[in-house]
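Participant: Supplied in structure tokens, the structure appears directly below.
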Amino acid sequence: MRNSAFNILRQGLTGNRGWPRTWRDRTPNRRYDVVIVGGGGHGLATAYYLARRHGLRNIAVLEKGHIGGGNVGRNTTVIRSNYLLPPNTQFYEHSMQLWEGLSQELNYNVMFSQRGQIVTAHSEDQLDSFAHRANVMRANGIEAEILDRAQLRRVLPYLDWSDRQRFPIWGAILQRRAGTARHDAVAWGYARAADRLGVDIIENCEVTGIRLEAGRVTGLDTTRGEIAADRVGLTVAGHTTQLCHMAGITDLPIESHVLQAFVTEPVKPLVHHVVAYGADHFYISQSDKGGLVFGGSLDGYNSFASRGNLGIVREVAEAAIALMPCIAPLRLLRHWGGIMDMTPDASPIISRTPVEGLYLNGGWCYGGFKATPASGVCFAHLLATGEDHPLAAGYRLDRFRTGHLIDEAGAGPFAWLQ
Amino acid sequence: MTRLSQGGRIDRSRMLRFTFDGRTLTGHPGDTVASALLANGIRLVGRSFKYHRPRGILSAGAEEPSALVTRITGDLREPNLPATMLDLAEGIVIESQNRWPSLSFDLQAVNGLLAPFLGAGFYYKTFMGPTRGAWKVYEHFIRKAAGLGRASEAAAWEAAPVRSDFADLAVIGSGPAGLAAALAAGAAGARVMVIEQDAVPGGRLLDCPEASVEAAWRRAALDRLAGMPSVRVMTRTTAFGLYDGNFLGLAVRDDASGIGALVQLHAQRILHAGGALEQPLVFPGNDRPGVMLAGAARRYLTQFGVLAGRRVLVHSCTDHAWQTAFDLADAGAAVVIADQRPMPAALAIAAGSRGIRVIDQARITATRGRSAIRAARVESPTGTEWIACDLLCTSAGWSPALHLTSHLGTRPIWLPELNAFVPGPLPPDQAAAGAVTGALTTGAAIAQAAEAVRALGFAAEAPALPDLPEEPHALTAPVQTTGRGKAFVDLQMDVALSDIALARREGFEAVELLKRYTTTGMGTDQGKTSNLAALRAMADRRGIAPAEAGTTVFRPPFTPVNIGTLAGRALGQHYKPIRHSPMHDWHLANGAEMIEVGLWIRPWFYRAAGPDAGAAYIAEMKTVRQAAGLMDISTLGKIEITGPDGATLLDRVYANGFAKLPVGRARYGVMLRDDGIVMDDGTTSRLTDERWFMTTSTARAAEVLSRLEFLLDTAWRDLRVAVTSVTDEWAAMSIAGPQAQAILTRALPDLDLSEAALPQMGVLQATWRGSPLRILRISYSGEWACELHVGARAGEALWRHLLETGAPLLRPYGVEALGALRVEKGHVAGPEIDGRTTLADLGMGRMVAKRNAYAGHVLSRRPALTAPDRLQLVGLDCLEPDKRLRGGALIYGPGQPESGHGQGRVTSVTFSPELGRYIALALFAGGMAAEGQEVATVHHIRGERVRARIVSPHFLDPEGERMKG
Amino acid sequence: MLRIPCPCCGPRDHDEFRYGGDASVPRPAPDDPDPEAWHAYVYRRQNPKGAHREYWQHVLGCRQWLVVERDTVSHRIGSVVMAREWQA
Ligand SMILES: Cc1cc2nc3c(=O)[nH]c(=O)nc-3n(C[C@H](O)[C@H](O)[C@H](O)COP(=O)(O)OP(=O)(O)OC[C@H]3O[C@@H](n4cnc5c(N)ncnc54)[C@H](O)[C@@H]3O)c2cc1C
Ligand SMILES: [Zn+2]
């Protein structure tokens, strides 16, 4: 059944009894043409585009828990395309364009809300570097604005403009098309749309081994039996290295770290944009339910435990009220963590691997939610054709060897160590 | 009035006045806002999230889903506070929320009529047309309708106290288990902290009348604890989270100021004794004001002397609810019990003796009453009837408050006899006792607590058990009933059984999916009275046992915590430490405009030179170029390096060679990261054979020191070298300009500052007024210049002395001028050393042409880092006299389309008074190979296009004649 | 907060320390010209789920670099030794 206002009315009048399952509950087949491991945003999007754009039908997505239980359902949902370096600039802008039509494409309202993202600047040098970024964006056909102090003050009157502000605000960069989306809906929407195209979405199915013969992938061991496939795509976010270990790849340039997210109790609309603090690690937006959703920096040491530490909770709270003192009385409702696959240059990997038939989509660090549609498109292209998608050719695994790094922050390898 | 003439632990001798939605009401010390509202006969307290249905007070504790209010203290607005947890205070102002225009008449209540169309997840299925951008319009209205209380844009919060604390044993909860544990561990001499969220310790003992054995035991226990110096009982304190390392986050309420304190408690051992939360039954119309948890009604009676209803219907499946019925009846209410179970014989006799009517095997299938409950329809084998009531007490049993036990990953397990989850196996340094484990009687809790304390390793003795009366505590699994009207599972989020059914139909069956799709448990109460019911509802529909369905993961905080409490004292200027140079006070007293540079506050410019930075820096540059300037450079990182292998260390960490640096000389050096990218630059002077003095950039000081220590501690352990930060030991200033040498010579007449004694890059060590002085002949501005490093305490004196000696020629200058002077000389700084540039990119490739074995050298030779088209340092001359260059502009070569990423960018710009035009440093593809080319610098944002020529970045005095003086 | 028992200073909260990452990858000799060796040192990681040996520096204490054994799932800390004394 299509999702529409008409069907909501019709169903509402008849006890809402006619709504079908969002995706079918499937038991795995013995063999698939392509198996995607990981039912997060990237895995589901990849499966969807494989079916939609490449006409493949015999596809499975294997998820160890339930759909959307990973980072796609834990993240703070900031979507923007204000990247400085090629190929990021064009890749994320392509993703943005896909977001702009995603609800309609999937027939599922992912609540993509282009409310604008603002990053504050706290020195002249920082404003110059924002200007550089904004100029790159404009020159690539992406809208961007620089606000001076007075302009920004009109837009965000509730920031600390007093002389108590430790790091006075000089201005900001603004991307109006940036915003947020409802993370769960993205996972469910892709799952539903892929399911409608015949993709098997298999939950509670953990991959426990990767079968190889003569350096090629032949199939997977799972908690629901053995599944044969000669093309396997990994989209397991924080568990990328663990899955690669199963294929004998033990030295990926990836470390797993925890990033926390925070939400306050719901309040009436207060924060109308996505706002990021340029002087430190803090960013915030307000969900449609009314909760202020915010985040900060990584917990700071390798971790596979999806929980955070009190020290970072405090640091983030400090940064929050340094920028927005008015939210001090609001109350933190919940905080949680997700396991991030961090790469040395903080840019992703969409790549072949040394094992034939095994493809890798990972290293999304804290920024992969916004990439979901484009990542799906590019990874589907790689899986279907064996060729890099032109937008993602820079995301190959060998870039660390050749030096073609994509280091937006200029922070250097594993900078979170320092 | 529902306040009884006697009873309760309130101070009836004093009266407190407060306002609720503008009405002035009264209560007593010891009241909560909830008890005071009830005492004033107020039941309608809030509106629900989605349907804006009238809601009252369900509970007497932190689990309250409905009675959320805003407290206003002066400018401070605190939304969403449960009235049940707010101490009443004189003059406090309370407002109801989420209603318009008023609480009793709320226009958005029409949502209730649309309920069939607003089921779980309806928004995912619509609002997608007619155009792609339509969501923006819908969202505007949805956002306005959502949210509970209103926040203020004003900054009214004050710094909150924060402290760290330590305990051998943290006891979470002060009910019978908690108190017994504290007694046992305290008697064994342990440092114990008992943590209680309520204003009064006692937990469920507070439900017992003052005359009871339980109440007497509580009083005695508290007396004994008060006499134990190693035991502290913290009330109004919530253990909101358990974190790795056995850290408990404690939030301490301060209802007078509203500013709660934070305690980080490091506990060697933890005893979870947080009790269990009574659950409401699910039946149609179970959300009307006047529907209350049975235990809460008893609490209002015994603790506050409030009889919450005169005609009471008790609907339950637990023995405990009967005690409420008895106590309310004894206090004068007319009570009917409708139990879901077959008649419990023993209790029935007690009920009969009080004249209470009992209906067994009862189900409620509907209720009536607009803004408060008036009647409930009770179905039982004996028939169906409407029973009038003004208070409907419900109890579906207990859900242990096991939240903190699971914060570190322990999965709860299902306890069939309790029909609920209890903590899973805990790590050896944690234990649980009392109702949190499913032990529902006072006696069991006390016995279990002592046992747990022993298991945690304390030499505790078994406590003397009081002679407690029989405590009936049988219960069965609750039955959820449907019928006409919504049967709410989650009162705050307005999730009803019909939503759970829909979620099941659509495949959102797993508990986490159920929660996310229906929003059950996502409210401010985090589902304390709804998660279990939702789980049961789903399990029933799937035909599986609740144990099989599992439970959602509990996340901190246990109850919401103010962001301001978490931030503690880090407010405003206290957000980050402030660093001042030893000459700071002088700068302030002498007209410096200061600016934040990292953690430092530095002179930006001096107002004597001009009214603003733009005017002043040019005047200050002229002073330096034409006379002499003095700059405070104390912020440089300073590292002392000592030991026989110091030269080897330097030779490895700097890309350019340092092995042969002679004593008495300084050298400029650049460090690379191990990946071959430039990390920092600075100078190092050799003071003696085995002693060096390194300076780093202000920004990278800590990082450089740590890196040196890392290399020495981990990889180069054979090197005999020590490194120490001496940044704060030295005040540093740079004197520069054509008159600098003369002034310095006059100022320091005892020293020989001749070219022979102090040549370019020479180092001189001396003493000035008893303080050590190091003079390094180093120039950043390109003029004859020296860095003077003097013992920090003598910094201001030397600074004054130089300025006095040099007056009127010598003037101070600030960071704005410093940045401009270095551009004229083509020195790179932060904008160029941006973490992506190599030595060759910065024009320093030749420095290392013949060297190997320095950190970063191998990876700096990777193909992409040596490609000919890399962005490399160039100078730009502005070719349009009436225009200016700007940082951040893109650069396009001749004939290049002006789009994409450009061939480079302008990094640092200044007006050069010497040259009379704007000049800039830039990074340009291919670098100086394009010397002489005309390029366009385009600032797309400003719509500016300025022509410029690529020139050498050494704009001024490329041969370095001026430095020679 | 993790509690790291510093061999010099006793148990301290981890926010007194600076994290230095995986300690299992040896640094090539300063004059090692092999790009593979440096590539491995700078970029490649085992990233184990479980026991991890890692560097921490007690920056707000003795400033020693330490080698700490920590479980990346439970965050329990095992042995802690000074990096200078650690035998790989
Ligand atoms: C707190 C936080 C905030 C963030 N904020 C943002 C943001 O604002 N903007 C942004 O763009 N990005 C953000 N991110 C990053 C973003 O969430 C991730 O980059 C992205 O979601 C990762 O891709 P995914 O959705 O496919 O991952 P996931 O949803 O994690 O999917 C991976 C899936 O693989 C499954 N899996 C793992 N191992 C196995 C196995 N052996 N067998 C089968 N299945 C397996 C997992 O269960 C999981 O469901 C944030 C992340 C976090 C944690
Ligand atoms: Zn130490």
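Participant: Could you check, for region A:31-44, whether at least one of its residues is farther than 21 Å from B:Arg516 by Cβ, more than 16 Å from ligand 1 (Cβ to nearest atom), open to solvent by 30 Å² or more (accessible area, probe 1.4 Å) and at pLDDT 95 or above?
Facilitator: yes
Participant: Among the residues of region B:883-907, which ones are in contact with a His (Cβ under 6 Å, 6 or more places away or on another chain) and assigned to a loop (DSSP other than H, G, I, E, B)?
Facilitator: Answer for region B:883-907, where residues must be in contact with a His (Cβ under 6 Å, 6 or more places away or on another chain) and assigned to a loop (DSSP other than H, G, I, E, B): B:Arg886, B:Gly888, B:Ala889.
Participant: Continuing with the same structure: If the requirement is being more than 26 Å from B:Ala920 (Cα to Cα), in a loop (DSSP other than H, G, I, E, B) and out of contact with any Ser or Thr (no Cβ under 6 Å at 6 or more places or on another chain), which of these qualifies: B:Leu744, B:Leu758, B:Leu802, B:Leu788? Break it down into steps so the answer makes sense when it comes.
Facilitator: On the way: B:Leu744 fails: in a loop (DSSP other than H, G, I, E, B); B:Leu802 fails: in a loop (DSSP other than H, G, I, E, B); B:Leu788 fails: in a loop (DSSP other than H, G, I, E, B).
On inspection, the qualifying residue turns out to be B:Leu758.
Participant: Go through region A:350-397 residue by residue and tally those that are in contact with a helix residue (DSSP H, G or I) (Cβ under 8 Å, 6 or more places away or on another chain) and assigned to a loop (DSSP other than H, G, I, E, B).
Facilitator: Result for region A:350-397: 10.
Participant: What are the residues in region B:837-864 that are surrounded by 24 or more Cβ atoms within 10 Å (Cβ to Cβ) and facing chain A (nearest Cβ under 9 Å), if any?
Facilitator: B:Leu859, B:Ser860
Participant: Output the residue which, of all residues in region A:162-177 that are more than 10 Å from every other protein chain (Cβ to nearest Cβ) and among the hydrophobic types (A, V, I, L, M, F, W, C), is surrounded by the most Cβ atoms within 10 Å (Cβ to Cβ).
Facilitator: Across region A:162-177, the extreme among qualifying residues is A:Ala172.
Participant: Still on this structure: Wholly within region B:508-591, which helices (runs of 4 or more DSSP H) include no fewer than the required count, namely at least 1 residues that are within 30 Å of B:Ser257 (Cα to Cα)?
Facilitator: B:563-567
Participant: For the list (1) under 25 Å from B:Ser725 (Cα atoms); (2) surrounded by 21 or more Cβ atoms within 10 Å (Cβ to Cβ), I need the number of the one condition that C:Pro30 fails.
Facilitator: (2)
Participant: Among the listed residues A:Gly367, A:Gly386, A:Gly363, identify the single one that is more than 14 Å from every other protein chain (Cβ to nearest Cβ), within 12 Å of ligand 1 (Cβ to nearest atom) and of a type outside the set (Lys, Arg).
Facilitator: Sole residue among the options that is more than 14 Å from every other protein chain (Cβ to nearest Cβ), within 12 Å of ligand 1 (Cβ to nearest atom) and of a type outside the set (Lys, Arg): A:Gly367.
Participant: Please go through region A:321-344 and give me each residue that is closer than 11 Å to A:Glu255 by Cβ and either assigned to a strand (DSSP E or B) or within 16 Å of ligand 2 (Cβ to nearest atom) (or both), ordered by number.
Facilitator: A:Ile339, A:Met340, A:Asp341, A:Met342
Participant: Here's a follow-up. Restricting the first residue to region A:41-54 and requiring it to be more than 14 Å from every other protein chain (Cβ to nearest Cβ) and more than 22 Å from A:Gly338 (Cβ to Cβ), which pairs with a second residue that is modelled with pLDDT under 95 and more than 16 Å from ligand 2 (Cβ to nearest atom) meet a Cβ separation below 7 Å and a spacing of at least six or different chains?
Facilitator: Matching pairs, first to second residue: A:Ala51/A:Arg57.
Participant: On to the next question. Taking region B:276-305, which residues are assigned to a strand (DSSP E or B), in contact with a Lys or Arg (Cβ under 7 Å, 6 or more places away or on another chain) and not hydrophobic (A, V, I, L, M, F, W, C)? Can you show your working first?
Facilitator: So in region B:276-305, the residues assigned to a strand (DSSP E or B) come out as B:276-278, B:284, B:291-293.
With in contact with a Lys or Arg (Cβ under 7 Å, 6 or more places away or on another chain) added as a condition, the list becomes B:277, B:284.
B:Pro284, the sole residue that qualifies.
Participant: Okay, next question. Only one of (1) within 12 Å of chain A (Cβ to nearest Cβ); (2) of a type in the set (Ser, Thr, Tyr); (3) under 30 Å from B:Gln448 (Cβ atoms) fails for B:Ser174. Which number is that?
Facilitator: Result: B:Ser174 passes all but (1).
Participant: In addition: Yes or no: A:Ser347 outside any strand (DSSP E or B), polar (S, T, N, Q) and either open to solvent by less than 10 Å² (accessible area, probe 1.4 Å) or away from ligand 2 (no atom under 16 Å from the Cβ) (or both)?
Facilitator: yes
Participant: Another one. Here is a check on your reading of the model: is A:Phe6 out of contact with any helix residue (DSSP H, G or I) (no Cβ under 7 Å at 6 or more places or on another chain), away from ligand 1 (no atom under 11 Å from the Cβ) and either open to solvent by 50 Å² or more (accessible area, probe 1.4 Å) or not polar (S, T, N, Q) (or both)?
Facilitator: Criteria met by A:Phe6.
Matching residues to (1) surrounded by 24 or more Cβ atoms within 10 Å (Cβ to Cβ); (2) away from ligand 2 (no atom under 16 Å from the Cβ); (3) in the same structural domain as A:Ile169 (by TED's automatic domain parsing):
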site	(1), (2), (3)
A:Arg216	no, yes, no
A:Cys244	yes, yes, no
A:Val263	no, yes, yes
A:Gly290	yes, yes, yes
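Participant: Does region A:320-344 hold any residues that are open to solvent by 10 Å² or more (accessible area, probe 1.4 Å) and either more than 7 Å from every other protein chain (Cβ to nearest Cβ) or out of contact with any helix residue (DSSP H, G or I) (no Cβ under 8 Å at 6 or more places or on another chain) (or both), and which are they?
Facilitator: A:Arg334, A:Trp336, A:Ile339, A:Met340
Participant: Being open to solvent by 40 Å² or more (accessible area, probe 1.4 Å) and within 16 Å of ligand 2 (Cβ to nearest atom) narrows it down to one of C:Val73, C:Val81, C:Val67, so name that one.
Facilitator: Answer to the selection: C:Val81.
Participant: On to the next question. Taking the residues in region B:227-260 that are part of a strand (DSSP E or B) and of a type in the set (Val, Ile, Thr) as candidates, determine which candidate is surrounded by the fewest Cβ atoms within 10 Å (Cβ to Cβ).
Facilitator: Going through the qualifying residues, I end up with B:Val252.
Participant: Run down B:Thr131, B:Thr126 and say which single residue is at pLDDT below 90 and among the hydroxyl-bearing types (Ser, Thr, Tyr).
Facilitator: On the way: B:Thr126 fails: at pLDDT below 90.
Exactly one residue qualifies, and that residue is B:Thr131.
Participant: Look at region C:15-40 and say how many of its residues are more than 10 Å from ligand 2 (Cβ to nearest atom), at pLDDT 95 or above and part of a helix (DSSP H, G or I).
Facilitator: Here the count works out to 6.
Participant: If you don't mind, another one. Return yes when A:Pro20 is out of contact with any strand residue (DSSP E or B) (no Cβ under 9 Å at 6 or more places or on another chain) and under 25 Å from A:Ile202 (Cα atoms) and no when it is not.
Facilitator: Yes: the conditions hold for A:Pro20.
Participant: Looking at region B:7-55, which of its residues are open to solvent by 30 Å² or more (accessible area, probe 1.4 Å) and of a type in the set (Val, Ile, Thr)?
Facilitator: Listed by number, the residues that qualify are B:Thr19, B:Thr24, B:Thr26.
Participant: Using the structure shown, decide if A:Ala150 is over 16 Å from A:Met324 (Cβ atoms) and more than 11 Å from chain B (Cβ to nearest Cβ).
Facilitator: Details: over 16 Å from A:Met324 (Cβ atoms): yes; more than 11 Å from chain B (Cβ to nearest Cβ): yes.
Here the answer is yes, as A:Ala150 does meet what is asked.
Participant: Next up: Every residue in region B:898-937 that is surrounded by fewer than 21 Cβ atoms within 10 Å (Cβ to Cβ), away from chain A (no Cβ under 14 Å) and over 16 Å from B:Phe955 (Cβ atoms), please.
Facilitator: Across region B:898-937, the qualifying residues are B:Gly926, B:Ala929, B:Ala930, B:Gln933, B:Glu934.
Participant: Pick from B:Ala797, B:Ala742, B:Ala702: which is in the same structural domain as B:Arg667 (by TED's automatic domain parsing) and either surrounded by fewer than 19 Cβ atoms within 10 Å (Cβ to Cβ) or closer than 28 Å to B:Gly835 by Cβ (or both)? Outline the logic, then answer.
Facilitator: Numbers: B:Ala797 fails: in the same structural domain as B:Arg667 (by TED's automatic domain parsing); B:Ala742 fails: in the same structural domain as B:Arg667 (by TED's automatic domain parsing).
Result: B:Ala702 is the single residue among B:Ala797, B:Ala742, B:Ala702 that is in the same structural domain as B:Arg667 (by TED's automatic domain parsing) and either surrounded by fewer than 19 Cβ atoms within 10 Å (Cβ to Cβ) or closer than 28 Å to B:Gly835 by Cβ (or both).
Participant: May I ask you to say which residue of B:Arg143, B:Arg55 is of a type in the set (Lys, Arg), more than 9 Å from chain A (Cβ to nearest Cβ) and out of contact with any helix residue (DSSP H, G or I) (no Cβ under 7 Å at 6 or more places or on another chain)? I'd like the intermediate steps shown before the answer.
Facilitator: Working: B:Arg143 fails: more than 9 Å from chain A (Cβ to nearest Cβ).
Checking each option against the conditions leaves just B:Arg55.
The values are calculated or read from the model by the stated rules, or taken from the named source; none is laboratory data. A quick note: this is a predicted structure, and the numbers were derived from the prediction, not measured. All Cβ positions, glycine included, derive from the backbone under ideal geometry; neighbour counts span all protein chains shown. Accessible surface areas use protein heavy atoms only, side chains included; no ligands, DNA or RNA. Shrake-Rupley method; radii C 1.70, N 1.55, O 1.52, S 1.80 Å.
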